[in-house]
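Have a look at the structure below before the remarks.
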Amino acid sequence: MAFDEDDEGNHPYFFGGFADGPPERMAALMHSAETQHGKDKVLIYDFVAPQQPWLVRSYTGTSLALNRNLPPATKQCRVTLDYTPRFASTKRIECDRWRPLRTCISMWKYGKLGCAVPWETGVEYGGRYSVLLTAEKFGDALDLFRVLPERITSVDEVTFRRVYGHEEASIEKNIVYVFRTEKPIPRLRGESDVVYIGQTKGTFRQRYLPSAALHATSRANKMKFEHLVQEYGPIRIALASHTHFGESLLKAEGQLLWWYFQNHCEYPPVNYTKTTVRNDAVLVG
């Protein structure tokens, strides 16, 4: 029977559980183990085929529950309980997925097909599901940036104006962006195709189109771009909202630079900018 004990609809998030298939089937799943993390108890749920796990979120004082099916290949979820109130409630839910092969997603806004590598870990706080980004998943995050259609294939003003002045470079403001070569470049540790990480409060076109001639003709820029294109192939540019990675443009840029540094023990080859950001993980949701 449906009920609601609060006329104003004030129902704090209470508990998260799991069901095999849509909750109306009433096939609740029990946790397979439990452990202690500091003062918190953690319930561990392991999922095996052919189970189709759903997350069931309950709220105090109401029969209303918000449910969602978990992403394909979810292998385990861990529910951290909070005993601060008079009864145990859910403090955090973290889920892991089997890492699948690269999959393609439809980018409906731009009428194109884009490919992305799904993340392995998702975290939920207070009923909101997010993904957890770390340095280990830096490459996966970059695959979700929107890539501009034109590439820097030669070092001349016409090419830079074609790339920097494209209409799709004038869509978003307050962005972080990366320059990436076709082939990876050896670094102090490992290799990477990222050559520059930056940010701008305007659009990419506003930031770079006025510099098209400078990038093609100044001695330092011409030398730099010619070497990159000749040795490592055409340069593509990818854009993303800064809010995915930090509360400000500088913090978002710094977060990306720090993850790059964690992976390679140095900053991208064209970056003069350093950072004091030292966050190892960021929730995106």
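Here, each number is a calculation from the coordinates, and none is a lab measurement. Just so it is clear, the structure is predicted and the values come from calculations on it, not from any experiment. Positions of Cβ are backbone-derived with ideal geometry, glycine not excepted, and every protein chain shown enters the neighbour counts.
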- Only Cα pairs under 8 Å and at least 6 apart count here; give the relative contact order of the stretch 140-274 as a rounded whole percent. 33
- Given 137/251; 91/173; 75/274, the pairs whose alpha carbons are separated by over 27 Å: 91/173; 75/274
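Around residue 44, under 12 Å between beta carbons, what's the net of Lys plus Arg minus Asp minus Glu among the other residues?
Taking every Cβ under 12 Å from that of residue 44, the sum is -1.
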- Residue-span extension gain [residue 266 to residue 227] - 0.36 nm each, minus C-alpha spacing: 12.1 nm
- Note on the structure: Whole-Hz Karplus couplings 3J(HN,Hα) for the stretch 217-227, θ = phi - 60° and coefficients 6.51, -1.76, 1.60, Gly and Pro as x, run 10, 5, 4, 5, 5, 4, 4, 5, 5, 4, 5
- Item | Distance in nm between pseudo-label sites at residue 219 and residue 40 (7 Å out along the Cβ direction from Cα) | 5.8
- Task: Going by C-beta contacts inside 10 Å, put 150, 34 in order with the fewest on the left.
- Result: 34, 150
- With a Förster distance of 25 angstrom and the Cβ-Cβ distance between residue 96 and residue 241, calculated FRET efficiency to the nearest 0.05 equals 0.45
- If R0 is 41 Å, what FRET efficiency do you get for residue 250 and residue 51 from their C-beta distance, rounded to 0.05? 0.40
